[in-house]
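Derivation of every value follows stated rules applied to the coordinates shown; laboratory data play no part. All values derive from a computational prediction rather than experimental measurement. Methodologically, a virtual Cβ is constructed for each residue, glycine included, from the backbone with ideal geometry; neighbour enumeration extends over all protein chains shown.
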Amino acid sequence: MIGRGLERALGILAVIGLVTGLYTGFLYAPPDAVQGEVQRIMYLHVPLILVSYFAFFVVFVTSILYLARRCERHDAIAHSSAEIGVLFTALAIAAGSIWGRPTWGTWWTWDARLTTTTILLLIFIGYLMLRALVDDPSRGATFGAVLGIIGFLDVPIIHMSVVWWRTLHQPASVLRPGPSTVAPDMQVALYTNLAAFVLLYGYFLVKRVRLEKARWELIRLRMEGAA
Amino acid sequence: MTRKSKLLMGAIIVAAALSYLIYGGIREAAVYYITPAELHEKGASAADRSFRLGGMVVPGSVHWDPGTLQLTFRLTDGKEQVAVMHTGSPPDLFKEGTGAIVEGKYMSGNLFIASTILAKHSEEYRPPQAGQAQAKDLYRTLMKPPEERR
């Protein structure tokens with residue numbers, strides 16, 4: 001019951017956040033001096049990838065907890081968070097590609113940032129396929145936990161890729177040492193959208209975990225009915 | 001084909017793509033571009049070979065003829081310079097004094113024939129200052145192929 005209330009609250013707050021995000025992103029924030037209006041894609045691209053990092057961090061933590069305690073609930077959170085992470089990473093890559101065409105002059109290039117991000121997406125698509133392939137739930141959960149922990153290690157590599165290697169992608173604007181490189185009015189748009197996507201992630205996660213529990217309940221009832 | 005064998009095939013394709021990217025992709029991405037000084041160090045062995053070259057566009061070096069789409073400029077890393085030739089329109093963010101990466105072939109005589117020009121941009125985002133010209137509507141690039149842009 002508490003879960004349903006939380007889910008509804010997160011959903012409503014996410015919608016409010018996304019609408020506010022559209023307002024701050026399109027109307028409140030000024031256009032960029034160099035890139036003009038097209039820079040506004042940042043307010044979608046950056047929150048999507050940051051929430052993806054967070055989603056895979058949740059997979060990392062709950063996978064370790066699952067291996068340590070063998071509690072199904074942790075596995076359900078890891079599996080659900082990985083699904084949302086794949087969705088958000090794919091959208092972040094698509095938004096980045098659309099941003100790259102008018103600014104860099106290309107939809108795609110194999111620099112270290114783009115390559116390591118593609119690797120992250122493929123690892124977690126593989127994770128979801130593995131979960132679908134293994135029939136035994138506890139074996140699937142164990143394999144998934146191992147892959148989820150290894151897969152997350154790509155996230156710090158992606159973040160540092162623009163420092164360690166020469167890339168076309170520019171260095172980080174957020175999660176960087178030193179003062180922000182984003183003008184204050186633009187930060188307002190960036191952080192309202194980030195908050196909105198964090199809330200949306202929370203809403204998806206709570207809903208998806210509840211669905212997973214309902215699925216277990218259904219399996220249990222079927223087994224009881226068969227017995 | 002059952003759902004399971006389809007999934008297995010998909011998983012194999014993902015695993016293959018992943019190993020290819022981790023092996024080949026990282027190695028290539030680690031040396032995404034070389035600098036003019038590094039190109040010169042290679043000496044005669046660099047001639048007629050394909051590279052990705054990165055540097056700053058030397059101020060005052062850009063010449064572009066909109067009629068023939070002939071673009072020439074020089075790239076520098078602060079130490080050495082390389083002359084670049086390209087046919088076509090450069091990205092809108094391509095400017096003198098900013099970073100650019102070019103893909104193409106190094107010819108003898110310190111000339112680089114570029115097939116692709118990529119513009120680097122900084123991680124700084126600022127509104128236009130008073131009196132400063134507004135940035136071009138770059139999003140139009142998304143709607144029109146480069147050939148139709150002026």
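I'd like the FRET efficiency for A:ALA227 and A:LEU22, computed as 1/(1 + (r/R0)^6) with the beta carbon distance as r and R0 of 41 Å, rounded to 0.05. Display every interim value, and only then the final one.
Working: r = 53 Å, r/R0 = 1.29.
Efficiency, from the Cβ-Cβ distance: 0.20.
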Measure nothing fancy, just the Cα-based angle from helix A:184-226's long axis to the longest principal axis of chain A, in degrees from 0 to 90, nearest 10. 10 degrees
Taking the simple approach of a point 7 Å from Cα along Cα-to-Cβ for both A:ALA94 and B:ILE12, what is their distance in nm? 2.9 nm
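How high is the FRET efficiency from A:LEU6 to B:GLN129, r the C-beta distance, R0 35 Å, rounded to 0.05? It would help to have the intermediate numbers written out before the result.
On the way: r = 46 Å, r/R0 = 1.32.
The formula returns an efficiency of 0.15 here.
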For the stretch B:75-84, Karplus couplings with θ = phi - 60° (6.51, -1.76, 1.60), whole Hz, Gly/Pro x: 10, 9, 10, x, 10, 10, 10, 10, 7, 10
At 7 Å along Cα-to-Cβ for each site, give me the label-to-label distance between A:GLU217 and B:ALA30 in nm. 5.2 nm
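Could you calculate the FRET efficiency of A:ILE150 with B:ILE113 from 1/(1 + (r/R0)^6), where r is the beta carbon distance between them and R0 is 51 Å, rounded to 0.05? It would help to have the intermediate numbers written out before the result.
Numbers: r = 43 Å, r/R0 = 0.84.
That pair, A:ILE150 with B:ILE113, gives E of 0.75.
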I need the phi-derived Karplus couplings for the stretch A:65-72: 6.51 cos²θ - 1.76 cosθ + 1.60, θ = phi - 60°, integer Hz, Gly and Pro marked x. 4, 5, 5, 6, 10, 6, 9, 4
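Based on the Kirkwood radius over alpha-carbon pairs, what is the Stokes-Einstein translational diffusion coefficient of the stretch B:33-121 at 10 °C with 1.306 mPa s viscosity, in µm²/s?
Numbers: Rh = 12.7 Å.
Calculated translational D: 125 µm²/s.
Please arrange A:ILE77, A:ILE98 by counting, for each residue, the other beta carbons lying within 10 Å of its beta carbon, fewest first. The partial results should precede the final answer.
Details: A:ILE77 23, A:ILE98 16.
Taking fewest neighbouring Cβ atoms as first place, the list is A:ILE98, A:ILE77.
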The base-10 log of I(q)/I(0) that the Debye equation returns for chain A at q = 0.13 Å⁻¹, one scatterer per C-alpha, is -0.83
Please give the contour-minus-distance gain from A:TRP110 to A:ALA68: 0.36 nm per residue of separation, less the Cα-Cα distance, rounded to one decimal in nm. 11.3 nm
